[in-house]
Structures are given as structure tokens and as C-alpha cells.
Amino acid sequence: MSTEDNFYGKYGEPKKFDPSFRGPISNRSCTDIICCLIFFLAIIGYFIVGVVAWTHGDPRKVIYPTDSRGEFCGQVGSRNEHKPFLFYFNILKCANPLVLLEFQCPTPQICVSKCPDKFESFISSYALLRAKKPESWKYYIQFCNPGFNDSTKTPVEVFKDRDCPAFLTPSKPFTRRCFPDLAIAKGVVTVGNKTSFSDENGGSVNATRLLDAAKGANIVHEAREMAMKIFEDYTKSWYWILIGMSVALVVSLVFVILLRFIAAFMVWLSVLLVVAVLGYGIYHCFMEYRELKGVPGSEVTIHDLGFQTDLRVYLHLQQTWLAFLIILAILEVIIILMLIFLRKRILIAIALIKEASRAVGCIMSTLLYPIITFLLLLLCVAYWGVTAVFLSTSGEAVYKVFANETTCDYNMKTCDPNNFNVSNITKQCPEAQCLFAFYGGESYYHKYLILFQFYNVFLFFWLTNFVIALGQVTLAGAFASYYWAFNKPADVPAFPVFSSMGRALRYHTGSLAFGSLLLAIVQVIRVVLEYVDQKVKGAKNKAAQFILSCLKCCFWCLEKFLKFLNRNAYIMVAIYGKNFCTSAKNAFFLLMRNIVRVFGSG
């Protein structure tokens, strides 16, 4: 048995020419039915999650600040009517990653009439302010919880009950929230005129930490401001965008038509221009290298120079231009060798481009189908974004009973601050207080809120990949009907794009969902790895960072491979109507039997 027979036996037998074959087969059956059912159940579940999120969420929390009681600051008719700004007791906790999921910082928050404008530390000035500066103490307690009574409490008890903030820093209102008044003084982040100060534990709070916390508290609002700017830009320049899109469409049509007549000229011109540009680059690098020869300082190596933020420094080194020269020379040699040994493949590519131009000219609706894909993707993104916002704003302020656990059975039980004073708890535990504990909730919905967020992200990837897969199958089926038409364009069926789309949705929804599911799983894993990588960077664990970098690289390669294989599998699905696994296997064997052409076209 010859080597060629062994090769084809390993990767399947190539299909024989069949003169009776007329393109995508019409006698089909549904494929991957189980995955199709799972896909529809997942969509129904996604719709239910959206409805539940819209029921519990309140997107006004993204725009308007709310205190720990869930009341909006500055709301007319409420007790906060004259308190339009939100004040955080400990803004350092806003750097917590959970802020992105809850749109709230896990620290007590109150509405205030104005933001603090000076430094004060509660522990260091508690007795001093009360005894010698009552006006300063009156200023301080306006940033404590409403109704705070300091007459019988020690500083330890005040902090235990979380009645007052540990410290005040000069702040300015931004999007109705009090953020530290940060500035840059001689390259150092400062608050007012200080770079650090003491916290409630006597430790040092660096101004840079406040900067990170302020960014964490304001990240959602920065995104909102960016979205508003983008929207305003679109409203001001929408007609220019339409004009640009129209011009691009006309130019694309002209380009497609010209390819039918001058494809060979354009391909060879592009190749020769690349060779010429690389040749000029080699000449320029050689001239720069020769001019720097003998210049003081140019003999310094890149290793000796180290990393420099100003990249122009490297252009004054001989070693830099020598490296450019070697790289460009290698690329030039590779391209010339490819032109020599793959010149026949270039001729085949030119013929394919000409035929593709004729196909597009025959099926003009293929130029409009990307609009359908764009609209479907826009719908997926909009649903995901709205659901994410409503899920993130579903958290509620949870209050707990704080009392002596040895004498009170209600300690750390959930309570309602509005009815706490008249409840049975105060009768049994007179010293008990109902205080803010955290944002979230204790219902089953709130307990599994993080899973709903994960489900939202996963279905987003699945649906977007499905829409892209539908487009690939639709266009593959349409062009296949043109390719196998004996007399063109007479034998090309009417409305080939919509016929192909109908076949894909009727028979192969499960196959598209299967391929999209595999890709979505890999993409979600990559998102999780990115999140873990951010956490590990803070820990400065070199070993973990190395392992994560390797994993990220592997899954990136896997995603690219799956996209390439899926695209070819969808072509097989569109033509022969087989299930996804069979189509993927046939596509893989076809690629392996033509591996040189694959790399040549790549």
C-alpha cells in the first residue's frame, strides 16, 4: 500500500465526483435534537431569570444614590429631601470586587446635605471635640446615623454599633456621591494636603488606597457617563454615520465587481507591494544602523538600557536597528520562498476570488444578510446588559440585631429598622439595636444571585455564538446552491439566502446550538481565568501567575481552534445536512487531506 493510500485511509476517503449532485441536499432530517431541546429550555430559563430580575431590581440605583435603608437621597417628600448627597462610612470597602455585582459598597451609607470638607478622626478627637469644641463635634455627628445619641456611649461602643464613620476626609460630590478630594502633588496622590492618615485601628491609610476605593465606588457611574457620551455623539452625528455606511456599501459593491475583472492584477500588485515595502524597510534599517556606527552611546545594548517608557530612546541604539533588519530580512525570505513554491496556489486563489465575485453578483442578498446578524447580536447584547443591571440592583439592605449574645436570643437575627422599636425584641433585650449588616438579601433569590449573574453571562455567550453560527450556515448554504448550479444563474434557486436560513432553523438548530455551546464553555472559562488572574496579581504570587498565564494561553488557542473547526463544520452541515459531530469529523479530515492548502490560504 502506497504512502498516499495510507494517508487517505487515516483521514477518510475523498469524495468522488457525482454529476447528479445539485448542491445542498433537500431530503434532510432534524439533527442534534437533544441539544436543540436543551437550548430552548435554556432560553426559557433565561427569559424567566430576566423577568425575576426585572421584578426585584431597580435600575434607578445605578443613577440615583440610596442610603442603607434603601431610600433615595434628595427624594421629594422623604426625610432625605434636603440631603442630596450619599456619604460612605468607609469608602475603602468600595474597592471590593463585589461592588460590580451589587452596585453598592458593603459599608453603611447615609444621605447628607453636604460632603465633609476637612480631616477629622473619631477616636483621636472624640473626647476633645465633645469637651472643648462642641461646634466641631456638632459638625462631626451630622455624618453619623440619623438619631445617633452619643451621651451614653464610649468610642468602642460607637464603632461596635457602627453609628459613626471612623474618619472624615475632604470630599467633593460627584454623581451625587461624596468622593475624596484627590489631587496630584509632585507625582504623589494626596487628599487635601496629606498623603496618609490614621484609620479606626490606628493604622495608616494611604491616599492611593482611597483613590482605588473611589474608582471602585464610581466604576458603574463612569460606565454610565461613557454610555451617555457615546449616545450624545450618535445623536449629533447619526447622519454622517449613515452617509459613511452608504459610501462604504457603494465602494464594497464596486470593489466586488472589479474583482471579477482585475482580481489577478490586484492580488499580484498586493504581493509585490508587500515585497517592496519589506525591501525598503531592510534598506532603511541598514542605513540607520550604519549611521549610528561610531556614535557615542549607540553601542549600548537593550539589556543594559532596561525598560524605558519613552520608546524613542531605543531608536538611538544600533542593536535596535540590527534587530529590525534581521526580522524584516527573515520575513522577506519567507515571503519570497512562499511565492516560489506556492505560486500555483496563488493562481488558484485568484480563480476563487473571481468566482466568489460572480457568486456575490448573482446573490446580492448576501450583502444585506450581515445586517440581520448585527441586529440579532444587538438584541443579545441589549438583553444581557438590561438583565445584568436589574440583577445587580436586586440587592437590599439587610439589618441584623446587635446585642449581648449571652443574654439575648435574638442576636444577629434579621430585623426591620422601621418597626424595631415596637417589636418584642426590645422588650426582651432593651440594649439591642437594629443595624445595617450588608447588602444582598436572605431569600432564595438573593442567595443564588451570583448564579443568576453567571447564567446571564453564559447564555449571552451561547446566544451570540449561535447567531454567528446561523449566519455562517446561512451564507454557506446560499453559496453552495450557487456552486452546484449547472447553468448559472438560471439554476440558482430563488431567494437562496432565506431558503438556506429556513433549512438551518428547521433542521439544524440543535447542531448550531451544540457548536455554540462548546465555544461558549471555553469563553466562560476564559472569563473566569481573567477574574482569577486579577485576584492573583494582587497577591503577587509568581507561581500562580505563571500557571494562570499558561492556562489563559491554552484556552485562547483552544477558542481559536474551535472557531476555525466550527466554521468548517457548519459548511458541512449546510451542504450535507449531517449532525454536528459527523460534520466536524468530515471537516477535520478534509482539512487534514489538504493541509498544505489550509496553511497556504492562511
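Is it true that some residue in the stretch 532-549 is within 21 Å of Phe466 (Cα to Cα), touching a residue at least 60 places away in the same chain (Cβ under 8 Å) and either open to solvent by 60 Å² or more (accessible area, probe 1.4 Å) or not β-branched (Val, Ile, Thr) (or both)? Let's see the steps before the verdict.
Initially, the stretch 532-549 is screened for residues within 21 Å of Phe466 (Cα to Cα), giving none.
For the stretch 532-549, residues within 21 Å of Phe466 (Cα to Cα), touching a residue at least 60 places away in the same chain (Cβ under 8 Å) and either open to solvent by 60 Å² or more (accessible area, probe 1.4 Å) or not β-branched (Val, Ile, Thr) (or both): absent.
Could you say which residue among Leu470, Leu379 is modelled with pLDDT of 90 or more, under 28 Å from the mean Cα position of the chain (by Cα), open to solvent by 80 Å² or more (accessible area, probe 1.4 Å) and on the phi < 0 side of the Ramachandran plot?
Values: Leu470 fails: open to solvent by 80 Å² or more (accessible area, probe 1.4 Å).
Among Leu470, Leu379, only Leu379 is modelled with pLDDT of 90 or more, under 28 Å from the mean Cα position of the chain (by Cα), open to solvent by 80 Å² or more (accessible area, probe 1.4 Å) and on the phi < 0 side of the Ramachandran plot.
Tell me, which residue of the stretch 296-339 that is more than 38 Å from the chain's Cα centre (by Cα) and at pLDDT below 75 is surrounded by the fewest Cβ atoms within 10 Å (Cβ to Cβ)?
Pro296
Pairs needed: first member in the stretch 370-388, within 29 Å of Leu449 (Cα to Cα) and assigned to a helix (DSSP H, G or I); second member anywhere, open to solvent by 70 Å² or more (accessible area, probe 1.4 Å) and of a type in the set (Val, Ile, Thr); C-beta distance under 8 Å; at least 6 residues apart or different chains.
Once the first residue is within 29 Å of Leu449 (Cα to Cα) and assigned to a helix (DSSP H, G or I) and sits in the stretch 370-388, its partners that are open to solvent by 70 Å² or more (accessible area, probe 1.4 Å) and of a type in the set (Val, Ile, Thr) give Leu377/Ile468.
Would you say Gly187 is modelled with pLDDT under 65 and loosely packed, with under 11 Cβ neighbours inside 10 Å?
On the way: modelled with pLDDT under 65: yes; loosely packed, with under 11 Cβ neighbours inside 10 Å: yes.
Against the criterion (modelled with pLDDT under 65 and loosely packed, with under 11 Cβ neighbours inside 10 Å), Gly187 qualifies.
Considering each residue of the stretch 25-84, count those that are β-branched (Val, Ile, Thr) and assigned to a loop (DSSP other than H, G, I, E, B), and give that number.
Of the residues in the stretch 25-84, the ones β-branched (Val, Ile, Thr) are 25, 31, 33-34, 38, 43-44, 48-49, 51-52, 55, 62-63, 66, 76.
Restricting the remaining residues to those that are assigned to a loop (DSSP other than H, G, I, E, B) gives 25, 31, 76.
Within the stretch 25-84, residues that are β-branched (Val, Ile, Thr) and assigned to a loop (DSSP other than H, G, I, E, B) number 3.
Given the criteria exposed (fewer than 13 other Cβ atoms within 10 Å of the Cβ), farther than 30 Å from Val158 by Cβ and of a type in the set (Gly, Ala, Ser), does Ala388 qualify?
Details: exposed (fewer than 13 other Cβ atoms within 10 Å of the Cβ): no; farther than 30 Å from Val158 by Cβ: yes; of a type in the set (Gly, Ala, Ser): yes.
It is false that Ala388 is exposed (fewer than 13 other Cβ atoms within 10 Å of the Cβ), farther than 30 Å from Val158 by Cβ and of a type in the set (Gly, Ala, Ser).
Out of (1) within 26 Å of Ile353 (Cα to Cα); (2) surrounded by 20 or more Cβ atoms within 10 Å (Cβ to Cβ), the odd one out for Ser511 is which?
In the conditions (1) within 26 Å of Ile353 (Cα to Cα); (2) surrounded by 20 or more Cβ atoms within 10 Å (Cβ to Cβ), Ser511 misses (1) alone.
When you look at Thr366, is it under 30 Å from Phe498 (Cα atoms) and open to solvent by less than 30 Å² (accessible area, probe 1.4 Å), yes or no?
Values: under 30 Å from Phe498 (Cα atoms): yes; open to solvent by less than 30 Å² (accessible area, probe 1.4 Å): yes.
When the stated conditions are applied, Thr366 passes them.
Could you check, for the stretch 151-167, whether at least one of its residues is open to solvent by 40 Å² or more (accessible area, probe 1.4 Å), modelled with pLDDT of 75 or more and farther than 14 Å from Ile91 by Cα?
no
The values are calculated or read from the model by the stated rules, or taken from the named source; none is laboratory data. Quantities reported herein were computed from a predicted structural model and do not represent experimental measurements. With ideal geometry, Cβ positions are generated from the backbone for all residues, glycine too; neighbour counts draw on all protein chains shown. Just so you know, the surface numbers come from the protein's heavy atoms only, side chains and all, with ligands and any DNA or RNA stripped out. Shrake-Rupley method; radii C 1.70, N 1.55, O 1.52, S 1.80 Å.
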